[in-house]
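Trainee: Structure incoming, see below.
The values are calculated or read from the model by the stated rules, or taken from the named source; none is laboratory data. Keep in mind that this is a model prediction, so the values were computed, not measured. Cβ: placed from backbone, ideal geometry, glycine included. Neighbour counts: every protein chain shown.
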There are 2 protein chains.
Amino acid sequence: MDNFEYYNPTKIIFGKGTEAQVGAETAHCGRKILLHYGGGSIKKSGLYDRVIRALKERGIKWVELGGAQPNPRLSLVRTGIEMCRKEEVDCILAVGGGSVIDSAKAIAMGVPYAGDVWDFFVGKAEVKAALPLGVVLTFPAAGSENSTGTVITNEDEWFKRSAGSPLLRPKFAILNPELSYTLPAYQTACGVADMMAHIFERYFSKTEDVDLTDRLSEATLKTIIKHAGILMKEPAHYAARAEIMWAGTLAHNGLLDTGRASDWATHAMEHELSALYDIAHGAGLALLFPSWMRYVYPVFPAKFMQFFERVWDVEPDYVHPDRMIAEGIDRLKTFYRSLGLPLSFQEAKLPVTDLDEMAEKCTRGGPIGSFKTLYKEDVLAIYRMASSLHA
Amino acid sequence: MDNFEYYNPTKIIFGKGTEAQVGAETAHCGRKILLHYGGGSIKKSGLYDRVIRALKERGIKWVELGGAQPNPRLSLVRTGIEMCRKEEVDCILAVGGGSVIDSAKAIAMGVPYAGDVWDFFVGKAEVKAALPLGVVLTFPAAGSENSTGTVITNEDEWFKRSAGSPLLRPKFAILNPELSYTLPAYQTACGVADMMAHIFERYFSKTEDVDLTDRLSEATLKTIIKHAGILMKEPAHYAARAEIMWAGTLAHNGLLDTGRASDWATHAMEHELSALYDIAHGAGLALLFPSWMRYVYPVFPAKFMQFFERVWDVEPDYVHPDRMIAEGIDRLKTFYRSLGLPLSFQEAKLPVTDLDEMAEKCTRGGPIGSFKTLYKEDVLAIYRMASSLHA
């Protein structure tokens, strides 16, 4: 187990009807806010009206910016930064899923920074200050409601890059599972794939003696797998929505990082996919992970054996680890398929003409991953494995 | 799953040599501190000198108060409060285990309060302010390093009572597993029993649909059980000390409470034992829990079946739940025995003459527990079951 620090001061407010508390919580953060949201589904659902009512009750003023979209765009972030400066906003409230929250985080760190906000995403600047941020979550997936990171797409060159700082951790996050009832099955599935991927990126680590962190990760994965299945049949199942929402937060709030190195190669590979083709992040991850696993497992098969036994109930085969791991990867693929997720470029209807370009862009800053260090040719090999159905 | 709030802003600094950071962390909290510790083992081990050096490097002034003992006493708390007021201390640093930290918390809330600090423990006052508190942990057990509570013994009448407030959560907690290498086996075992009990009190809940919280709890218990066994043979096994220390913190920091009612009857029954006989809290809990389980399981056998299958690998017996649960309780007792813990009043060399008095004191404020509500006669029945070896 490695030394670690864990500091997570986001106040989580979880459960039915909790969006009614948004006025009281926001009042601790600011007097004039930017209300940031996505494509307008919060207006259809009535959530927008409830949030506005709660803000008015506390005398909080607001300006608003909708339009944050999946793979949130740098141009909207820049618009938000300008708005906040002009309107002298002192807090941001994000109402939506990971894209809205990530966009809000980028705005929050851009406002007090003199240079261009993209600097933070290309390593040219470090976050020294940020506006405080609150969240009402509607779509459990990205874990951004309790994380330190943000991922933004620069549409000038279709680069998707991440930035992070403890200053970006939201002050509060309101998690009402009921708000996710109306998510279409495919979005629910993409969210599930995303939160599972957040755990995979941490779990597949060469750091030994992380028994508790491993077991907590397995516990979270088993919960997600069980309740994702329920939601495919019963989208308005409160208990299942609640388990998935809380699991999505814990998957990415740092708890499952404690004591070990994490990998993040598959996220890096997926960012090239969703930057170029605008595919849902979770779908891109589901498409890539089985191939990544097949490519890297020989580095440390024991970790995969433990994973497939404890999480996927594969019978141990100490004599033939390869067989055991192949069976495990099959079960993972079967699970993804049961959620309607694509298992290859082919199934996702993506072209396979840009693999070389993506592999090049993905490793332009150096090799990726820590479980196994991946160079351009490794990334290309994994993209190729993932490109056809029978990979 | 019930609605919940979870807010845990303690900064955890975990790993080898981390006590070197105590000066830098304390400097964020105050300029003149009360250094609070126990019986002097920190002087023998050299930890005291390292802490003092780190404080001096940051120019932090201190006054000190040693002598906090297991089942920490109200009289020392009162002495500490007077010292802090007289010396105009603005922060408390607790170096030790749960007793030292609990004593420090009681001092922290007593200083700004005009009345007598015992008021907080008998429900006469609510905590409105407290000095900030930092911790260097030496003995993983109580989880006080990241909890909101404190338990103090009033030696006038040998009452042991708890108080709590979010204001008592330490600002930082430094957890170096190496500091626990020298703990005697019996103390290690008592610590293990204490942290397991913290999980039991939360796990045995009638609240349904808490799958993630259940699985996280089981993950933590399995980790504790495995590594406690290692420590009985190898007390200076870093990985095992690290797993136990981190598990002890997570067992009691609120994460495993999320979404459900908790019980706490066994803690209340144990407090009477340790108040009267000054037995180690963990030993008292080990002695009582099997009898509590046997007494209450008919209320909701399914929860115990899940527990004994998932945590203790008991083969499911859906047709004969009683047999399955009896087997599980036997395994728990066998485990406690393997750690050298007493399984009855008899084994702990405690008299059985005060059972009625203890049952009366324990329920003076009303019945206890939420899994099953226990009145005086129930508590007495459990004490009786626990009084002889073959209970």
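Trainee: Got at least one residue in the range A:58-68 being touching a strand residue (DSSP E or B) at 6+ places or on another chain (Cβ under 9 Å), aromatic (Phe, Trp, Tyr) and either free of Cβ contacts under 8 Å to residues at least 40 places away in the same chain or assigned to a loop (DSSP other than H, G, I, E, B) (or both)?
Mentor: Yes, there is a match, as at least one residue in the range A:58-68 is touching a strand residue (DSSP E or B) at 6+ places or on another chain (Cβ under 9 Å), aromatic (Phe, Trp, Tyr) and either free of Cβ contacts under 8 Å to residues at least 40 places away in the same chain or assigned to a loop (DSSP other than H, G, I, E, B) (or both).
Trainee: Can you pull out every residue in the range A:337-380 that is surrounded by fewer than 17 Cβ atoms within 10 Å (Cβ to Cβ), under 21 Å from the mean Cα position of the chain (by Cα) and not in a helix (DSSP H, G or I)?
Mentor: If the condition is that a residue be surrounded by fewer than 17 Cβ atoms within 10 Å (Cβ to Cβ), under 21 Å from the mean Cα position of the chain (by Cα) and not in a helix (DSSP H, G or I), then A:GLY340 is the only one that fits.
Trainee: Something else about it: Consider the range B:233-263. How many of its residues are among the β-branched types (Val, Ile, Thr) and more than 8 Å from chain A (Cβ to nearest Cβ)?
Mentor: Total meeting the criteria: 2.
Trainee: Restricting to the range A:1-44, and then to whatever is more than 7 Å from chain B (Cβ to nearest Cβ) and assigned to a strand (DSSP E or B), can you tell me which residue is farthest from A:ARG202 (Cα to Cα)?
Mentor: Restricting to residues being more than 7 Å from chain B (Cβ to nearest Cβ) and assigned to a strand (DSSP E or B), the top hit is A:LYS32.
Trainee: Go through B:GLY110, B:GLY115 for me and flag whichever is buried (at least 24 other Cβ atoms within 10 Å of the Cβ) and more than 17 Å from the chain's Cα centre (by Cα).
Mentor: Answer to the selection: B:GLY110.
Trainee: Tell me which of these A:LYS171 doesn't satisfy, since it passes every other one: (1) within 14 Å of chain B (Cβ to nearest Cβ); (2) buried (at least 22 other Cβ atoms within 10 Å of the Cβ); (3) within 23 Å of A:MET245 (Cβ to Cβ).
Mentor: (2)
Trainee: Ok, one more. Out of curiosity, is A:ALA275 touching a residue at least 60 places away in the same chain (Cβ under 8 Å), part of a loop (DSSP other than H, G, I, E, B), of a type in the set (A, V, I, L, M) and assigned by TED's automatic domain parsing to the domain that holds A:LEU341?
Mentor: No.
Trainee: Can I ask one more? Based on this model, can you work out whether B:GLY284 counts as more than 10 Å from every other protein chain (Cβ to nearest Cβ) and touching an Asp or Glu at 6+ places or on another chain (Cβ under 9 Å)?
Mentor: For B:GLY284, the condition - more than 10 Å from every other protein chain (Cβ to nearest Cβ) and touching an Asp or Glu at 6+ places or on another chain (Cβ under 9 Å) - is met.
Trainee: Go over the candidates B:GLU201, B:GLU208, B:GLU178 one by one and state the one that is out of contact with any His (no Cβ under 9 Å at 6 or more places or on another chain) and within 28 Å of A:TYR238 (Cα to Cα).
Mentor: It is B:GLU208.
Trainee: Among the numbered conditions (1) more than 14 Å from every other protein chain (Cβ to nearest Cβ); (2) surrounded by fewer than 22 Cβ atoms within 10 Å (Cβ to Cβ); (3) of a type in the set (A, V, I, L, M); (4) assigned to a helix (DSSP H, G or I), tell me where B:ILE230 comes up short.
Mentor: Only one criterion is unmet by B:ILE230, namely (1).
Trainee: Within the set of pairs 6+ apart or on separate chains, which have a first residue in the range B:187-208 that is hydroxyl-bearing (Ser, Thr, Tyr), a second that is in a helix (DSSP H, G or I), and C-beta atoms under 6 Å apart?
Mentor: Note: pairs meeting the criteria are B:THR188/B:LEU231; B:TYR203/B:SER217.
Trainee: Determine whether A:GLY143 is out of contact with any His (no Cβ under 6 Å at 6 or more places or on another chain) and either outside the structural domain of A:ALA265 (by TED's automatic domain parsing) or modelled with pLDDT of 95 or more (or both).
Mentor: Here the answer is no, as A:GLY143 does not meet what is asked.
Trainee: While we're on this one: Write out, first by first residue and then by second, each pair whose Cβ atoms fall under 8 Å of each other, whose residues are 6+ apart or on separate chains, and whose first residue, in the range B:227-243, is outside the structural domain of B:LEU137 (by TED's automatic domain parsing) and under 16 Å from B:TYR186 (Cα atoms) while the second is of a type in the set (Ser, Thr, Tyr) and assigned to a helix (DSSP H, G or I).
Mentor: Pairs that qualify, where the first residue is outside the structural domain of B:LEU137 (by TED's automatic domain parsing) and under 16 Å from B:TYR186 (Cα atoms) and the partner is of a type in the set (Ser, Thr, Tyr) and assigned to a helix (DSSP H, G or I), are B:ALA228/B:THR188; B:GLY229/B:SER338; B:LEU231/B:THR188; B:MET232/B:THR188; B:MET232/B:SER338; B:PRO235/B:THR188; B:ARG241/B:SER180.
Trainee: Quick check on A:PRO70: is it at pLDDT below 95 and surrounded by fewer than 24 Cβ atoms within 10 Å (Cβ to Cβ)?
Mentor: Criteria met by A:PRO70.
Trainee: Name the strands (runs of 3 or more DSSP E) wholly inside the range B:97-186 in which the number of residues that are of a type in the set (Gly, Ala, Ser) is 3 or more.
Mentor: Answer list for the range B:97-186: B:159-164.
Trainee: Sticking with this structure for a sec: Among the residues of the range B:333-345, are any modelled with pLDDT of 95 or more and on the phi > 0 side of the Ramachandran plot?
Mentor: yes
Trainee: Look at the range B:2-52 and say how many of its residues are free of Cβ contacts under 8 Å to residues at least 24 places away in the same chain and assigned by TED's automatic domain parsing to the domain that holds B:ILE81.
Mentor: Residues meeting the conditions: 5.
Trainee: Output the residue which, of all residues in the range B:202-227 that are more than 8 Å from chain A (Cβ to nearest Cβ), in a helix (DSSP H, G or I) and farther than 20 Å from A:MET245 by Cα, is nearest to the chain's Cα centre (by Cα).
Mentor: Step by step, filter the range B:202-227, then rank; the result is B:ARG202.
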